[in-house]
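Working notes, beginning with the structure itself.
The values are calculated or read from the model by the stated rules, or taken from the named source; none is laboratory data. In this text, all values refer to a predicted model and were calculated from it rather than measured experimentally. With ideal geometry, Cβ positions are generated from the backbone for all residues, glycine too; neighbour counts draw on all protein chains shown. Side chains included, ligands, DNA and RNA excluded: accessible areas come from the protein's heavy atoms. Shrake-Rupley method; radii C 1.70, N 1.55, O 1.52, S 1.80 Å.
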Amino acid sequence: MRGIETTAAEALVDAIRGGGADTVFGVPGGGPNLALIGAAEAAGMRFVLSHGETAGAITAATYGLLTGAPAMAIATRGPGLASGVNGAAQATLDRFPLLFVSDCVPASDMDRVAHQRIDQTALMAPVTKWSGRLGGDAAAADVARAAAALAGAAPRGAVHLDFDPGAVSSHPGDPAAPPAADPVGMDLARSLLAHSDRPVVIVGIGAVEEAARVRDLVERMGCPVLTTYQSAGMLPEGHPQLAGLYTGGVIERPILAAADLVIAVGLDMVEPIPSPWRLDVSVVSIDVSAPASTFLPTDVALVGPSTADLLERLAEGAVHGWPIGAGTAALAGAREALLATSVGTFGPVELATAVACRTPSAATATVDAGAHFLAIMPFWPVASPLSLLISNGLATMGFALPAAIGAALARPGAPVVCMVGDGGLGMALAELETVARLRLPITVVVFDDAALSLIEIKQQQGQGGTSAVHYSSIDFSSVARGMGLDAMTVETVRDLERALDGGWETPRLIDARIDPTPYAALLRATRG
């Protein structure tokens, strides 16, 4: 069996190396994934040990997103696989490429072994693009290549393999090719644009792979552009067409209310919050896959192999009647409304804007789920796509720290700032040791109010008291120092500014004790 294990492991390693991967992530068990680690290291790849399977999967998926080659995360069978479900779901819903490989109870032992035996491929199927088995047969190499290709094919996501060297492999098949654009739909979309005086473009995550071309095309159109959280940077900070963020809330409503046509380019319907669409305006959607939901009432959905090609055909010769600076004015108005939520204390907006002003321009930012992102996202000066990373489709807490590790490994030497609430940090706390062990240039900024603030805002009478949403105060600085990071606690903007003065080359944590009072007003200003 040892020889079969090694051969199957080598086939998988060769497949991912052939696709450009150079690193394996995760938490090994006592099964054949140890052979995977051995084969990877023998092939010159590195293995990055995580403390948890979800963190390992998020780190791997982020690394794959930024390097362009689907990375592999491994987990042991049973609890390891189950623990990694959230990481696979994040990769799939946020369009990060990931190959998730787990040990399993061997098919030959299925009748006699009940320990840790669950139907792992069935468990992973709903949160992946495909879930199957990698055996030790002659088809293993082809299956491994096909699985990695599927993870990286648009729309990107997670693919799961149960690694059972004594079994027969199952095959995911080849990724389906996007259909050619419907000429009738294209003619209708071009007619809508030709009769539009004030079109607005919403750019989503599906346009990021063709960022340069899409940016050039929307610049030719000249109309205001909204980006989603995951496509932030498609137009850089200060661009005259940048009108702010599209969230599905109220913050972007003024510019959309003035529009007579919305063109959604690469907008995954998982990106906005699912609030009712209240605009009486035609919508044209452009993407490499059909809309996943009816959240956005689309008049014409154009699907094809390239969002840029579709947009170029649609927008040829387009003109508009927007006044000069309409996008800039919309963004300024949105930021003004958010600044008005401040109550004059050291709150989330003060913390977010101070960090934004002092973070090096070459840094990658990662943002966790929680109330704090309402203060960060509208003010963060995103210079290019994928220089700010957030889980928006799954919106999972515990994302920012493992994503920061993946970003720091993918962009060696470049600083990373990880912005996370105390709740989200608690879910991935042990990964601070990973940051210290690897000596990564990550600055962790904790928006610390000892509460689940976003949930507390939503809490109503009869839905539990403060014990449902409040934690005891944690000295995160002491915890971080115990794990090998430099650390400090700040309670004022001035203290924060001093803390951020230099030190971007080494692992550190800043525990920022903030006043959460403005969060309710922030939520109203952004979401209504």
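Working only within the stretch 167-193, note down all residues that are touching a residue at least 60 places away in the same chain (Cβ under 8 Å), open to solvent by 80 Å² or more (accessible area, probe 1.4 Å) and part of a helix (DSSP H, G or I). Matches in the stretch 167-193: LEU188, ARG190.
Residues that are charged (D, E, K, R), under 29 Å from the mean Cα position of the chain (by Cα) and either surrounded by fewer than 17 Cβ atoms within 10 Å (Cβ to Cβ) or farther than 21 Å from GLY78 by Cα (or both) within the stretch 113-139 comprise just one, ASP119.
All conditions in (1) closer than 17 Å to HIS239 by Cα; (2) out of contact with any strand residue (DSSP E or B) (no Cβ under 7 Å at 6 or more places or on another chain) hold for GLY327, with the sole exception of (2).
Taking the criterion of being over 20 Å from THR396 (Cα atoms), touching a residue at least 40 places away in the same chain (Cβ under 8 Å) and out of contact with any Phe, Trp or Tyr (no Cβ under 7 Å at 6 or more places or on another chain), the residues of the stretch 46-71 that qualify are LEU49, THR67, GLY68, ALA69, PRO70.
The listed residues are THR353, THR364, and the only one of them that is in contact (Cβ under 8 Å) with a residue 24 or more places away in the chain and open to solvent by less than 10 Å² (accessible area, probe 1.4 Å) turns out to be THR364.
The rows are residues; the columns are (1) touching a strand residue (DSSP E or B) at 6+ places or on another chain (Cβ under 8 Å); (2) at pLDDT below 95; (3) open to solvent by less than 50 Å² (accessible area, probe 1.4 Å).
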position: ASP216; (1), (2), (3): no, no, no
position: LEU235; (1), (2), (3): yes, no, yes
position: GLN241; (1), (2), (3): yes, no, yes
position: GLY248; (1), (2), (3): no, yes, yes
position: GLU252; (1), (2), (3): yes, yes, yes
position: PRO272; (1), (2), (3): no, yes, yes
position: ASP287; (1), (2), (3): yes, yes, yes
position: ALA292; (1), (2), (3): no, yes, no
position: PRO297; (1), (2), (3): yes, yes, no
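Return a yes/no flag: does the stretch 405-412 have any residue that is open to solvent by less than 20 Å² (accessible area, probe 1.4 Å), closer than 17 Å to GLN230 by Cα and not hydroxyl-bearing (Ser, Thr, Tyr). Yes - at least one qualifying residue is present in the stretch 405-412.
Scanning the stretch 354-376 turns up at least one residue that is assigned to a helix (DSSP H, G or I), charged (D, E, K, R) and at pLDDT 95 or above. Of the residues making up the stretch 477-489, not a single one is within 22 Å of PHE373 (Cα to Cα) and touching a residue at least 40 places away in the same chain (Cβ under 8 Å). Looking at the stretch 463-484, can you tell me whether even one residue there is within 30 Å of ARG253 (Cβ to Cβ), among the basic types (Lys, Arg) and not in a loop (DSSP other than H, G, I, E, B)? There is no residue in the stretch 463-484 that is within 30 Å of ARG253 (Cβ to Cβ), among the basic types (Lys, Arg) and not in a loop (DSSP other than H, G, I, E, B).
Considered as a group, the residues in the stretch 140-161 that are open to solvent by 40 Å² or more (accessible area, probe 1.4 Å) and out of contact with any helix residue (DSSP H, G or I) (no Cβ under 8 Å at 6 or more places or on another chain) include one that is nearest to ALA91 (Cα to Cα), and that residue is ALA149.
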